[in-house]
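See structure below.
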Amino acid sequence: GLLLLAAALGVTAAARCPAPCVCDNLRAHVLCLNGSLTAIPDTIPELTRKLDLRGNSFMVMPAGAFLATPYLTHLDLQRCKVERLEEGAFRGLGRLVYLNLASNGIALLSQESLDGLSSLQQLILEGNRIEEIQPGAFGHLGSLIVLDLRANALVYLPDMVFQGLQVLRWLRLSHNALHVLGNEAFAALPALRRLSLDHNELQALPGEALARLDGATRLDLGHNPITYVAEEALAMASLRHLFLDHAFLQDVAPDAFARSPQLRILDLRENQLQGLPPLAGAGGLVRVTLDGNPLLCSCLLRPFQKWLARARVQAEGACAAPPALRGRSLNSLRSPEMRCSHLQPPPSPTTPPEQPRAASSRQCPRRCVCSPDFHHGSCANRDLREIPRDFPEDTHLLDLRQNPFRIVPPDAFPGLKELVSLYLQRCSIRVLRPGALRGLESLVYLYLTNNHLSTLVAAAFEGAPQLAYLDLDHNAFTHVPAGSFRLLPNLISLHLQHNAIGELAEGDLAGARGLRWLYLAGNAIRHIAPASLAPTKMLEKLQLEGNHLSEVPTAALQGLPALSELKLSRNPIKHMGNSVFLPVASSLQHLYLDNMGLEQISPYAFTGLGPKIRSLYLESNKMSNIPDMRNFTGLEILNLQDVPFHCDCQLLPLHRWINKLNLRVGATCGSPAEAQGLKVKLSTTFQTCPGWGQGEAGETNPNKTKAASKPRKKKRSGKSPARGFSRSRA
């Protein structure tokens with residue numbers, strides 16, 4: 001009925017279709033792709049069911065942004081540079097079943113961020129920079145089936161963080177940095193069937209947290225630095241498939257899986273196992289995969305081999321030693337071949353004893369609110385002059401925002417050994433005294449934004465060795481506080497955006513050897529010393545947009561083998577020389593060079609870059625040509641809007657390449673006069689160029705034979721002709 005009504009009102013709907021969108025009234029679809037929208041258009045037809053806004057620039061999703069389109073069922077907001085979801089941003093979308101927010105810059109999910117989405121079934125938040133999820137954030141999503149949180153910046157999952165997701169079946173947490181899970185983190189997921197925790201930083205099997213998942217049948221824990229699986233470590237009554245591949249396993253206890261009676265498939269590929277004991281507790285096991293382990297097929301492996309035969313378990317793997325048996329499959333071995341020659345079994349790792357949880361004997365401080373269910377304490381905006389004390393000892397999150405503390409004294413948080421998140425934004429803080437965080441041995445997140453800090457001493461962080469996320473945005477730093485991070489071996493993310501930092505000097509980041517994400521946008525940085533980033537060999541993201549750099553800091557990029565994202569947007573870099581990204585060419589995937597006033601790029605500026613590049617932003621610059629990028633075969637995003645290309649014969653290779661890309665790039669001619677304003681891919685000025693007929697014959701002259709066109713393709717793309725030039729889009 002809704003579709004018929006939309007068709008009946010087609011004329012009205014068409015009249016309201018906002019530029020630069022395309023409206024399909026019959027199917028009630030609206031597409032506004034890869035444009036320059038900074039706000040949700042208020043003229044989208046009310047009866048729209050599917051709204052695709054990919055590739056715009058919204059930054060903030062305000063409250064009530066979609067109140068004018070209450071019939072939406074599908075909403076796509078991928079790659080829209082969204083950094084914040086205000087409370088009530090999606091209110092009124094009670095019919096929405098699919099929401100895609102992938103590849104944005106969202107850092108925090110608060111309690112009301114997703115309010116109003118009572119029918120939502122799929123929520124995709126992959127590829128943001130979510131550092132923290134507040135309990136209650138998903139409390140309004142009672143219909144959600146799939147939650148995708150891959151490739152974010154999560155380190156910790158608090159208790160009951162997924163409360164409200166009563167029908168969730170698949171939770172995807174891969175490619176984060178998780179190393180702490182609350183024992184009750186998964187307690188509110190009764191329908192969960194699949195949990196993906198691969199590619200994280202878990203050092204031990206989180207058995208207590210996983211025991212809450214009675215119905216889960218598949219668990220992915222591969223690519224975590226887990227060294228040992230202890231006795232009865234996994235108690236999951238319905239588990240059938242367990243993946244522990246590509247970890248650091250050295251030993252597995254005989255009854256490690258005794259409390260998972262339904263386990264059928266156990267994947268232990270690419271570990272450090274020299275052998276296994278008989279897994280007598282796993283009575284239902286059908287297959288064990290051990291490929292890629294240094295298996296020692298001596299007499300020590302005989303008990304395991306006999307168990308395999310007795311239990312009729314299929315084993316996949318091959319011997320690494322002794323030399324006489326190297327390469328032999330486990331299934332082909334016979335006991336007499338497995339000899340011992342003075343071999344001693346390696347000692348089994350021992351698991352550290354669990355520390356008893358401290359019972360909470362304190363009351364909540366006056367003028368504050370404490371939630372025992374969520375282990376929260378809050379005294380936000382109470383006009384307090386001193387930091388309150390005597391919070392319950394099991395407090396995990398403490399919110400002290402918007403109080404004029406001015407100073408954080410030594411031992412300011414006594415007894416809070418379990419505190420994970422501390423909020424001190426907008427507290428007029430000028431000084432963090434030495435020992436200010438002493439005793440906060442579980443602290444992971446510290447938010448100090450919008451204060452008056454201009455310096456820090458390393459001793460301020462004494463006693464908080466687990467701190468992983470430090471947010472110092474919007475303070476008064478004129479330089480990076482050198483040496484301040486040497487007591488923070490687990491620091492992963494450092495925010496120093498929107499300060500007044502003038503340079504990055506050698507020694508500034510000393511001690512930050514585990515740093516992965518460094519945010520320095522919105523400062524006044526003019527110079528980056530060649531050795532300034534040397535301590536951060538694990539750095540993956542470097543954001544320098546909105547500074548005063550006049551050249552690419554090539555020398556400083558040396559020694560960063562993991563750097564995958566570099567943002568140089570809004571720096572006054574006018575000229576780009578040869579090989580400026582060569583030091584990070586083997587790892588770089590996302591490169592931001594937009595809004596710089598860039599006038600000239602050397603033909604060899606992108607030397608070394610190629611198939612690994614997934615996104616390249618060059619919009620809003622002043623150059624008239626760009627280097628040959630035909631080997632950028634992995635591109636998913638290319639933005640060339642607002643660049644005044646000179647559409648003459650020198651630009652013909654770019655014209656041909658763009659016509660072969662299955663991407664919207666927005667390239668427009670700025671000159672000559674007869675081509676001004678035309679899309680580069682549509683301009684007719686190239687038709688007078690030498691070789692035009694040869695290059696375009698496959699598209700413009702249908703009378704040419706296929707035999708004539710094939711040699712040209714082979715000649716033009718020497719390495720990978722099919723991948724470099726995909727089908728063109730109209």
Task: Matching residues, the range 117-128, being over 12 Å from LEU101 (Cβ atoms) and either buried (at least 20 other Cβ atoms within 10 Å of the Cβ) or in contact with a strand residue (DSSP E or B) (Cβ under 8 Å, 6 or more places away or on another chain) (or both) - done: GLN121
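Table: residues versus (1) in contact with a helix residue (DSSP H, G or I) (Cβ under 8 Å, 6 or more places away or on another chain); (2) surrounded by 18 or more Cβ atoms within 10 Å (Cβ to Cβ); (3) at pLDDT 90 or above.
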| site | (1), (2), (3) |
| --- | --- |
| LEU2 | no, no, no |
| ALA13 | yes, yes, no |
| ILE40 | no, yes, yes |
| LEU85 | no, yes, yes |
Task: Test: residue in the range 421-435 that is in contact with a helix residue (DSSP H, G or I) (Cβ under 6 Å, 6 or more places away or on another chain) and farther than 25 Å from GLN111 by Cβ - done: yes
- [ ] Could you identify the single residue in ALA524, ALA562 that is among the hydrophobic types (A, V, I, L, M, F, W, C), over 21 Å from HIS498 (Cβ atoms) and in contact with a Ser or Thr (Cβ under 9 Å, 6 or more places away or on another chain)?
- [x] ALA562
Open item on the list: List the residue pairs whose Cβ atoms are under 9 Å apart, where the first residue sits in the range 322-337 and is hydroxyl-bearing (Ser, Thr, Tyr), the second is open to solvent by 100 Å² or more (accessible area, probe 1.4 Å), and the two are 6 or more positions apart or on different chains.
Closed with: SER335/LYS306
- [ ] Could you tell me which residue of the range 358-380 is modelled with the lowest pLDDT, considering only residues that are more than 32 Å from the chain's Cα centre (by Cα) and open to solvent by 70 Å² or more (accessible area, probe 1.4 Å)?
- [x] ALA359
TODO: Please specify each residue of the range 388-399 satisfying the condition of being assigned to a loop (DSSP other than H, G, I, E, B) and either farther than 16 Å from GLY182 by Cβ or hydrophobic (A, V, I, L, M, F, W, C) (or both).
DONE: PRO388, ARG389, ASP390, PHE391
TODO: Could you grab me the full set of residues in the range 134-164 that are of a type in the set (Val, Ile, Thr) and surrounded by 23 or more Cβ atoms within 10 Å (Cβ to Cβ)?
DONE: VAL155, VAL161
Open item on the list: Pairs needed: first member in the range 106-118, in contact (Cβ under 8 Å) with a residue 40 or more places away in the chain; second member anywhere, open to solvent by 30 Å² or more (accessible area, probe 1.4 Å) and assigned to a loop (DSSP other than H, G, I, E, B); C-beta distance under 9 Å; at least 6 residues apart or different chains.
Closed with: ALA107/GLU83; ALA107/ARG129
Task: Checklist (1) open to solvent by less than 70 Å² (accessible area, probe 1.4 Å); (2) in contact with a His (Cβ under 7 Å, 6 or more places away or on another chain) applied to GLN203, failing item - done: (1)
- [ ] Starting from the range 627-643, take each residue that is on the phi > 0 side of the Ramachandran plot and list its partners that are assigned to a loop (DSSP other than H, G, I, E, B) and buried (at least 18 other Cβ atoms within 10 Å of the Cβ), counting only C-beta distances under 7 angstrom and pairs at least six apart or across chains.
- [x] ASP642/GLU619; ASP642/SER620
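The values are calculated or read from the model by the stated rules, or taken from the named source; none is laboratory data. Quick caveat: nothing in here was measured; it's all calculated off a predicted structure. Here the Cβ is made from the backbone with ideal geometry for all residues, glycine too, and neighbour counts use every protein chain on show. Note: accessible area is taken over every heavy atom of the protein model, side chains too, but ligands, DNA and RNA are not part of it. Shrake-Rupley method; radii C 1.70, N 1.55, O 1.52, S 1.80 Å.
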